[in-house]
Amino acid sequence: MKTGDTVVYLDGSFVPQGEAAVSPLDRGFMFADGVYEVIRSYRGSLFERAAHFERLKRSLREIRIDQDAAGGLEEILPELLERNGLAGSEALIYVQITRGAAPRTHQFPAAKTAPTVYALAIPFDPPLEQRDRGIPVILVPDTRWSRCDIKSISLLPNILARQMADDVGAGEAVFIRDGVVTEGSTSTLCAVFSGTVVTHPESNVVLPGITKRVVFDLCSRTGIPVAERSFREEELPRAAEMMLLSTSREIMPIVSVDGMKVGDGTPGALTRKLQAAFSEVIRSV
Ligand code: PMP
């Protein structure tokens, strides 16, 4: 299928991407007043589907958009894969729900305003080489708001941080808030201290990562100790290994932080072990 043939889902219809149109009054366009999800599909099967829908509904609830806006998507997404010839391969699904189109006022629009529901499925080429070699990261101040637990489409601080990383050839920017390491601009951050995989606890300053949940389950099953506790930037030089976790990058080894090697500057043994275990999980979905 050619890229030009992509079919998207928008407000109840499947339409060619080039014909999909959203009003300039849409509150997603005006205010970034909406939420989103990114879901992987492996051979047509939506990975951690229930967890993604649960998080989407939670995001909707937190910003007071009716959760019913996500109704039907669980059936629509497989059809979207099918219509794009992606039912048998690897794909990335993007879902966005905004508060709909209405005259611009900061307060919510009239109750009858229908949310805008959009979904896109694209072929996914996993970053295999990076996953094998690992990536450098940089540390940046966490300038985001204090509800990072909501998967909001308002991503300007994340965009600026990720571009700063890109500008210096790094693969991710890791946020530091009041000296504490929170997460990556698009990922959960884990560090290995004395054999324990540590990440920031779920709170208002991080997104509750679904990949993290899968990886921590794997750790529990294979006897690798885990801890959800916050840790400070000063502790990073003591980390034997570091990795970032996300739906699109899965388990990505981090080999340097601001130019300083992590461990010996190559992906660590524990990271490798988890990558292998994760691949097994994927093979069986
Ligand atoms: N934190 C942020 C800020 C993210 O954008 C992402 C990617 N969605 C994650 C963490 C990881 O979440 P998940 O494993 O559910 O993709």
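The values are calculated or read from the model by the stated rules, or taken from the named source; none is laboratory data. Remember, predicted model here, so these are calculated numbers, not experimental data. All Cβ positions, glycine included, derive from the backbone under ideal geometry; neighbour counts span all protein chains shown. The protein model used for the area step is the full one, side chains on, heavy atoms only, and it has no ligands, DNA or RNA in it. Shrake-Rupley method; radii C 1.70, N 1.55, O 1.52, S 1.80 Å.
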Next item on the list: Using a 1.4 Å probe and ignoring any ligands, DNA or RNA, find the accessible area of R49 and quote it in Å² to the nearest 10.
Entry: 110
Next item on the list: Pick out which of P78, P123, P103 has the largest mean-square fluctuation in a Gaussian network model of the chain, springs linking Cα atoms closer than 10 Å.
Entry: P103
Next item on the list: Give me the percent of the accessible area of segment 132-285 that comes from carbon and sulfur atoms, probe 1.4 Å, all protein chains in place.
Entry: 54
Notebook entry, point to check: Considering the chain as a Gaussian network with a 10 Å cut-off on Cα pairs, which listed residue, D26, D68, D132, attains the greatest mean-square fluctuation?
Noted result: D68
Next item on the list: Could you compute the FRET efficiency for R232 and Q130, with r as their C-beta to C-beta distance and R0 at 30 Å, rounded to 0.05?
Entry: 0.65
Next item on the list: Could you tell me the distance between the Cα centroids of segment 136-189 and segment 87-120, to the nearest Å?
Entry: 24
Checklist line | Most positive-pole-ward Cα, L156, G72, S284, against dipole of the chain from beta carbon charges | finding: G72
Next item on the list: State whether segment 10-51 is rounded, prolate or oblate according to the following rule on the C-alpha gyration tensor (a ≥ b ≥ c being the square roots of its eigenvalues): a/c under 1.5 gives rounded; otherwise a/b larger than b/c gives prolate, and the remaining case gives oblate.
Entry: oblate
Next item on the list: Would you please classify the overall shape of segment 128-283 from the alpha carbon gyration tensor, given that a ≥ b ≥ c denote the square roots of the eigenvalues, rounded means a/c under 1.5, and beyond that prolate means a/b larger than b/c while oblate covers the rest?
Entry: rounded
Checklist line | Heavy atoms of M30 accessible to a 1.4 Å probe, total area in Å² rounded to 10 | finding: 70
Checklist line | Farthest positive-ward along the chain dipole, Cα basis, beta-carbon charges - from G179, S248, P24 | finding: G179
Notebook entry, point to check: How large is the charge dipole for segment 1-77, taken about the Cα centre, if only the Cβ atoms of Lys, Arg (+1) and Asp, Glu (-1) carry charge, to the nearest 20 debye?
Noted result: 300
Check: Antiparallel as a % of all DSSP beta bridges within the chain, to the nearest 5?
Finding: 80
Next item on the list: Tell me what the chain gives for mean residue ellipticity at 222 nm when only DSSP H runs of n ≥ 4 count, each as -39,500 (n - 2.57), the sum divided by the residue total, rounded to 500 deg cm²/dmol.
Entry: -8000 deg cm²/dmol
Next item on the list: Give the ranking of T98, T113 by solvent-accessible surface, highest area first, calculated with a 1.4 Å probe.
Entry: T113, T98
Notebook entry, point to check: What pairs in K212/K273; K151/K212; K112/K151 have C-alpha atoms more than 20 Å from each other?
Noted result: K112/K151
Notebook entry, point to check: Which whole-number percent is the relative contact order of segment 128-283 (Cα, under 8 Å, 6+ apart)?
Noted result: 27
Item checked: Listed residue (Y9, L60, S45) projecting farthest to the positive dipole end of segment 1-81, Cβ model -> S45
Margin query: I want to verify a result. In a Gaussian network model of the chain, Cα cutoff 10 Å, which of these has the top mean-square fluctuation: L139, L207, L244?
Written below: L139
Check: How long is the gain from A110 to E90 if the chain were fully straight, where each residue apart is worth 0.36 nm and the alpha carbon distance is subtracted?
Finding: 3.2 nm
Margin query: Once you keep just the Cα pairs under 8 angstrom separated by 6 or more residues, what percentage relative contact order results for segment 3-123?
Written below: 36
Notebook entry, point to check: Taking square-rooted eigenvalues a ≥ b ≥ c of the alpha carbon gyration tensor, is segment 3-123 rounded, prolate or oblate, where a/c under 1.5 means rounded and, failing that, a/b exceeding b/c means prolate?
Noted result: oblate
Note to self: Just want to confirm a number: the relative contact order over the chain, from Cα pairs under 8 angstrom separated by 6+ residues, in percent.
What the structure shows: 17
Next item on the list: Could you pull the accessible area for V281 with a 1.4 Å probe, rounded to 10 Å²?
Entry: 30
